[in-house]
1. Using a Förster radius of 30 Å, what is the FRET efficiency between Arg229 and Ser81 based on their Cβ-Cβ separation? Nearest 0.05, please.
2. Can you compute the modelled spin-label distance between Gln416 and Asn460, with each label point 7 Å from Cα toward Cβ, in nm?
3. Roughly speaking, what is the stretch gain from Ala424 to Asn360, that is 0.36 nm per residue apart minus the C-alpha to C-alpha distance, in nm to one decimal?
4. With a Förster radius of 56 Å, plug the Cβ-Cβ distance of Leu549 and Tyr316 into 1/(1 + (r/R0)^6) and report the FRET value to the nearest 0.05.
5. Under the rule a/c < 1.5 gives rounded, and otherwise a/b versus b/c splits prolate from oblate, where does segment 1-45 land using the Cα gyration tensor?
6. Work from the charge dipole of segment 1-100 (Cβ charges, +1 for Lys and Arg, -1 for Asp and Glu, about the Cα centre) and give the residue of Ser81, Phe56, Ile27 farthest towards its positive end.
7. For segment 19-101, what % of the accessible area comes from carbon and sulfur atoms, probe 1.4 Å?
8. Using r as the Cβ-Cβ distance of Val482 and Met278, and R0 as 60 Å, what FRET efficiency do you calculate, to the nearest 0.05?
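The values are calculated or read from the model by the stated rules, or taken from the named source; none is laboratory data. Bear in mind the structure is a predicted one, so any value in this text is a computation, not a measurement. Note that we place each Cβ from the backbone using ideal geometry, even for glycine, and neighbour counts take in every protein chain shown. The area values use the complete protein model at the heavy-atom level, side chains included, leaving out ligands, DNA and RNA. Shrake-Rupley method; radii C 1.70, N 1.55, O 1.52, S 1.80 Å.
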Amino acid sequence: MSSLYVIQGRNRGARYDLAAHEGAISIGRESGNFVQLDDNEVSRRHAEIRRVDGRFVVGDLKSSNGTFVNNRKVERIELASGDQIQVGRTVMVYSKEHADERGGGLVDIVTPANDADGSRIVRTMREDEGVVAAFMPDDTQNRWLARARSNVQVMYRTALAASHTLDIDELLGRILQLVFEWIEADRGCIMLLDPDTRQLQTKARRDRRAGDHTSMAISRTILDYVLERREGVLTSDAQDDDRFASGHSVVRTGVREAICVPMQGRYDTVGVMYVDTMVPLAESLEAGQRRFSDEHLKLMIAIGHQAALAVEDTTYYSAMVQSERLAAVGQTIATLSHHIKNILQGIKGGGYLVDMGLENDDLGVVRKGWDIVGRNQGKISSLVMDMLSFSKEREPDPVPTDLVALVADIVETVQQRAADAGIAIRWTPPADCPRLVFDPEGIGRAILNVVTNALDALENRPDPAVDIRIELDRPAGRVRIVVADNGAGMSTETLGEIFNLFVSTKGSRGTGLGLTVSRKILREHGGDIRAESSLGVGSTFTLEFPLVLEAAFPAGDPVGPAA
């Protein structure tokens with residue numbers, strides 16, 4: 001099984017199963033990509049992964065910012081397990097696992113009644129003893145240094161696997177793979193304790209020979225011993241062990257050596273790790289040594305501890321994400337319900353005036369009531385559009401557009417409201433602004449949000465005015481729309497929070513969505529929005545996005561922030 005895991009970027013934690021996808025596996029910002037990334041520095045179609053002779057090869061698709069594998073820019077390269085792929089600000093890890101790693105159903109826990117084979121514990125060890133002993137000399141200096149280097153390498157690779165993997169099943173499979181590279185085990189499994197029932201559940205299984213599909217039989221007596229005492233054990237079937245007189249069996253017929261260690265985390269034991277060998281003890285003695293030694297037991301205890309910490313961290317992360325998601329949903333419902341209630345109250349009040357005017361045949365009252373209804377209909381329409389813009393990814397649809405005409409339409413839209421409030425709108429269109437390529441719907445909505453906020457900030461201010469201008473920075477390839485007001489301004493603390501969701505300086509009159517949505521739209525275009533403000537002086541908002549001239553936009557060609 002081959003997979004991609006996103007370890008850095010907005011899509012962090014996402015997993016993509018490459019083996020289940022037929023054909024080229026595309027990577028980019030477009031919704032049609034198999035790996036769709038929320039990253040403005042990634043091109044629409046940035047790179048692709050293809051299966052070549054059973055192996056996966058990544059190739060760059062002439063992206064603007066390039067594709068990097070292990071921090072080296074590449075055009076095309078075959079992937080190896082553990083390679084890091086960077087596109088834009090997103091980093092992914094390629095992982096290839098073997099097909100013989102199988103989960104539940106292939107491990108049987110043998111009860112004490114199954115006593116066909118006597119066996120004994122050769123060695124036991126506590127978790128703290130194993131972690132220390134794995135790196136302490138107990139032999140000649142040269143042999144100790146060789147073992148120490150090997151132990152450090154294994155622990156480093158285990159820590160690396162744990163830090164790059166957010167899926168528990170994937171993590172345990174990778175840890176078993178590392179164990180099998182270091183120890184001559186024939187079979188192995190990892191079992192975790194169910195947090196509710198406290199029963200062991202098999203989460204990963206591995207066999208050295210891919211054709212082995214026999215069930216593993218593990219002694220319940222040994223498992224209980226490991227879990228209760230939190231000690232790792234090294235067992236053989238040479239003779240009975242007095243400590244297990246009531247259980248007798250360690251493993252069923254055929255298992256000659258085994259290691260079982262607890263997975264001890266920060267707070268509790270989360271499971272056990274088990275490996276065994278099928279070589280008869282007599283053959284191992286004739287060869288002069290067993291496969292398993294105290295050294296193997298020591299390091300497996302350390303690996304079990306590292307794996308347990310990763311399981312705890314992953315479980316905590318998942319719970320935290322779920323908690324944050326529920327909290328966000330609750331906050332969203334509460335905030336939107338409050339604003340919708342206020343809008344509906346306004347519509348209700350306007351409707352009451354309309355009814356009263358109709359009853360009294362007073363057209364003036366009817367018109368006043370209908371104006372109130374109309375204003376609140378506009379508010380709820382704006383709220384719904386902001387909700388839609390924020391809640392879903394929207395790929396900009398750039399087309400040749402007259403930016404001056406777009407801004408002029410927005411000024412005309414708010415002119416009546418400004419006139420009613422005594423606010424002057426100073427808008428002088430530039431004389432030499434060519435037709436530009438951008439998404440008029442998205443940019444128009446972002447500008448309208450900012451201009452509306454400026455009008456709100458000018459209520460009850462002396463000589464209120466809003467200045468709107470367009471700036472073309474041809475050397476930098478940027479276009480800017482600047483909206484400035486002489487309102488009350490904002491403090492440094494408030495200025496740092498205005499783009500956060502549901503943060504509003506208007507009290508109950510604001511939803512806290514407008515600026516958040518405007519920034520999202522600008523960033524989808526490869527631009528951004530900046531704000532400057534001083535208390536008592538006013539605020540200036542600058543909306544910036546890439547300058548693309550109509551002449552440089554052949555019909556049908558895609559245009560985007562990184563294309």
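1. Values: r = 36 Å, r/R0 = 1.20.
The formula returns an efficiency of 0.25 here.
2. 2.6
3. Working: separation 64, 0.36 × 64 = 23.04 nm, distance 3.75 nm.
Computed gain between Ala424 and Asn360 is 19.3 nm.
4. Details: r = 51 Å, r/R0 = 0.92.
Plugging the Cβ-Cβ distance into 1/(1 + (r/R0)^6) gives 0.65.
5. Working: a/c = 2.83, a/b = 1.24, b/c = 2.28.
It is oblate, given that a/c is not under 1.5 and a/b is not larger than b/c.
6. Value computed over the given set: Ile27.
7. Details: 1670 of 4040 Å².
Accessible surface attributable to carbon and sulfur in segment 19-101 totals 41 percent.
8. Values: r = 76 Å, r/R0 = 1.27.
That pair, Val482 with Met278, gives E of 0.20.
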